[in-house]
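The values are calculated or read from the model by the stated rules, or taken from the named source; none is laboratory data. If you're wondering where the values come from, they're calculated on a predicted model, not measured in any experiment. Cβ placement follows ideal geometry from the backbone for every residue including glycine, while neighbour counts extend to all protein chains displayed.
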Amino acid sequence: MLQNSSCPSLKHRIRGCTVENADIVSTLHSLTCKMRILNLNIFHTHLLVTTVLNSVGCPCHEKPTKEPSMGLRRRKAARKRRNNQKKKEIKKLCKAEAILSAMTNCYQMLNTILADT
């Protein structure tokens, strides 16, 4: 689906692993939880999320849910009708692509650190 369209720049930059940020496992966990929230219904991303969470041994924190007010429900329903489903999917896939890129970078740094020991 992304082959025929380009990804726009994301509003919020995905925080990846850097030399200054030495806590690679924590960053990987955070990225994995973001990937899980996207809920892409793609087997490979689901498998990746499950594998990373199992290897880290720490589940994603669930946000507490509140009962939405009637006005909020109406706004959400109107927003859903306005949004084009295809654009929404492309945006989710672009975000997933950015997260996967950051996760790859983290794993490369982790492999480098492990090779040096």
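Values computed for the structure shown
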{"item": "Total residues in the range 27-55, condition exposed (fewer than 14 other Cβ atoms within 10 Å of the Cβ) and either over 19 Å from Glu89 (Cα atoms) or at pLDDT below 80 (or both)", "result": "5"}
{"item": "Per-region count, the range 26-45, residues of a type outside the set (A, V, I, L, M, F, W, C) and more than 11 Å from the chain's Cα centre (by Cα)", "result": "4"}
